[in-house]
Structure formats: C-alpha cells, structure tokens
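Read the figures in this text as sums done on the coordinates, not as results from a lab. Just so it is clear, the structure is predicted and the values come from calculations on it, not from any experiment. Cβ atoms come from the backbone with ideal geometry, glycine included; neighbour counts cover every protein chain shown.
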Amino acid sequence: MTRLLLTLLVVLFSPVSWASPSIDKLLVHKQERKLQVISDGAVIREYRVALGKQPVGHKRQRGDQRTPEGIYSIDWRHKSPNYNLSLHLDYPNLKDRAAAYERGLDPGSMIMIHGTPVDENYPEWFYKGLDWTNGCIALDNQSMQELWDLVPDQTIVEIRP
C-alpha cells in the first residue's frame, strides 16, 4: 500500500505532469474556419477563426484582404491596443516574396493571429461568424488568451485552403 501511495504521489506532483504540452504546429483550415493546435501529432485544441474579407485564395499583394496559404512560423508577439493579443507570422516567406517580385507587386506584411478589437461601438459578439480582417487570422479574445499562453514563439503555422 505504501509503495502504491508513493508512486501515486510521484505521478501527481512530478513537474513533468504539470508541464505544458509541446506544440508541433498550428494548422489553419481556411475553408472550415478553424485553427487546430497539434501536439505529438494529435489535435489538442480547436478554435473557430475569422479570416480576411476575401478569404478564398492565397494572399498575393498588399491590400488584397486575403489570408495567406503556406507554411510560416510565429516570429514575435505583441499586446495590441487594437486587437488584444497578437502573434506575428513571418509572412511573406521567400516563395511569397519571389512570386510578388515576378508580378511587380508588394506582397504585404503584418499577418497576425490576433483577438477581436476592444471597441465600445462593436462588441466582441459582433464579429462572430464574419470574415472581417485585412488578411489576418482572428479568434475571440478568450481563445486568443489560451492560445497565447499555450503556443511558444517559433511554432510552425500551416495555413491550408
């Protein structure tokens, strides 16, 4: 009995058991408007997201209001006065810059995963179900706080059509 109790205590109070899961990547499915958090190959969280106002297709240039498609990473984070918490993606990547250069276009920048605006005129519920960003990926603020706490910088973000 004592050995069983000791084993149980070790499992319950081991630092490993309290550690956050390691995150493999974030996977965004644009068509389904969902963001999945992947750990050890399994989905551990899933969130409803909003996209750019022109959600179909890959971002090609500044101002097209499209959310990019491809593989990026979170390279920095910001507590934004306009959009609550923000995780910046390293868009445009080399492929995006080369494609824009060939067309003589500016690929744009500042693509973020962020919360909803803190605005007295438009409460958070106003944005639910809308694609309202300029090309970013938006979550409700409670979900964004959870994601912010869970996901480290340098996490891979795959955005699929």
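For segment 113-136, the candidate set comprises residues that are under 23 Å from ASP75 (Cα atoms) and in contact with a Ser or Thr (Cβ under 6 Å, 6 or more places away or on another chain); within that set, the residue that is surrounded by the fewest Cβ atoms within 10 Å (Cβ to Cβ) is GLY135. Inspect segment 47-69 for any residue being assigned to a loop (DSSP other than H, G, I, E, B), of a type outside the set (D, E, K, R), touching a His at 6+ places or on another chain (Cβ under 9 Å) and free of Cβ contacts under 8 Å to residues at least 40 places away in the same chain and give the result as yes or no. The answer is no; no qualifying residue exists.
When segment 99-128 is filtered for residues that are among the small types (Gly, Ala, Ser) and free of Cβ contacts under 8 Å to residues at least 24 places away in the same chain, only GLY104 remains.
Could you figure out which of (1) in contact (Cβ under 8 Å) with a residue 40 or more places away in the chain; (2) within 17 Å of the chain's Cα centre (by Cα); (3) farther than 20 Å from LYS53 by Cα isn't true of GLN142? Every listed condition holds for GLN142 apart from (1). Of the residues making up segment 23-39, those that are out of contact with any Ser or Thr (no Cβ under 7 Å at 6 or more places or on another chain), surrounded by fewer than 16 Cβ atoms within 10 Å (Cβ to Cβ) and in contact (Cβ under 8 Å) with a residue 12 or more places away in the chain number 3.
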